[in-house]
Amino acid sequence: LMRLSTSHERLSAYQKAMADYGLTVEPSYIQYGNSMAKSAIPLVRNLLDQGCSAIVVSNNVMTGDILQHLTSCGLKKGYDIMILGQGIEGQSDYNLHQMDLMIQPSIELGQQAGKQILERLERPTYPIKNIVLTSTLSHRIL
């Protein structure tokens with residue numbers, strides 16, 4: 001959902017990476033999902049119909065759905081189409097161990113959120129902190 005700051009940040013990172021490598025961003029290749037199960041299937045169909053050879057997915061739910069759809073179409077990730085997915089620490093579903101993923105530090109995210117909640121409960125005037133955590137690229141063997 002584009003109402004989320006992470007959606008904006010991930011789209012901006014994609015656009016910056018494309019620009020850094022002198023590649024044009026094709027507006028019709030940018031598809032917006034709602035992060036709900038199965039919502040990415042019509043989006044990936046649209047991208048495949050446009051002849052896309054690589055897909056960057058910015059949500060772990062949609063990553064799984066796209067992989068399931070590609071498998072049902074007989075397409076192999078890393079061979080027929082390249083995928084950069086979004087994952088979370090410790091996630092092993094959808095055969096994600098065989099693809100490149102941006103890994104979100106979900107454990108640290110929860111710890112930081114919990115710490116802020118407890119601080120605010122103890123001291124309601126405690127200032128809200130904006131903490132930015134860095135995702136990492138995990139290269140996986142295909």
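The values are calculated or read from the model by the stated rules, or taken from the named source; none is laboratory data. Since the structure is predicted, the reported quantities are computational estimates derived from the model, not experimental observations. Note that each Cβ is placed from the backbone with ideal geometry, even for glycine, and that neighbours are counted across all protein chains shown. Heads up: the accessible areas ignore ligands, DNA and RNA and are worked out on the full protein's heavy atoms, side chains in. Shrake-Rupley method; radii C 1.70, N 1.55, O 1.52, S 1.80 Å.
For residue 60, which of the numbered conditions (1) under 17 Å from the mean Cα position of the chain (by Cα); (2) free of Cβ contacts under 8 Å to residues at least 12 places away in the same chain fails to hold?
(2)
Could you list, in sequence order, the residues of segment 1-31 that are surrounded by fewer than 12 Cβ atoms within 10 Å (Cβ to Cβ), at pLDDT 85 or above and either assigned to a loop (DSSP other than H, G, I, E, B) or not polar (S, T, N, Q) (or both)?
Hits for segment 1-31 are 16, 19, 20, 21, 22, 23, 24, 26, 27.
Inspect all residues belonging to segment 99-109 and state whether any of them is in contact (Cβ under 8 Å) with a residue 24 or more places away in the chain, surrounded by 14 or more Cβ atoms within 10 Å (Cβ to Cβ) and of a type in the set (Asp, Glu).
yes
Given the options 38, 77, name the one that is buried (at least 16 other Cβ atoms within 10 Å of the Cβ) and basic (Lys, Arg). Spell out how you get there, then give the answer.
Details: 38 fails: buried (at least 16 other Cβ atoms within 10 Å of the Cβ).
After applying the criteria, what remains is 77.
So, in segment 32-47, how many residues would count as being in contact with a Leu (Cβ under 8 Å, 6 or more places away or on another chain) and assigned to a helix (DSSP H, G or I)?
Count: 1.
For residues that are open to solvent by less than 60 Å² (accessible area, probe 1.4 Å), farther than 19 Å from residue 12 by Cα and modelled with pLDDT under 90, tally how many sit in segment 42-68.
Residues in segment 42-68 being open to solvent by less than 60 Å² (accessible area, probe 1.4 Å), farther than 19 Å from residue 12 by Cα and modelled with pLDDT under 90: 5 in total.
Under 8 Å by Cβ, and 6 or more places apart or on different chains, what pairs join a residue from segment 116-142 that is of a type in the set (Gly, Ala, Ser) with one that is part of a loop (DSSP other than H, G, I, E, B) and modelled with pLDDT of 85 or more?
Pairs that qualify, where the first residue is of a type in the set (Gly, Ala, Ser) and the partner is part of a loop (DSSP other than H, G, I, E, B) and modelled with pLDDT of 85 or more, are 135/105.
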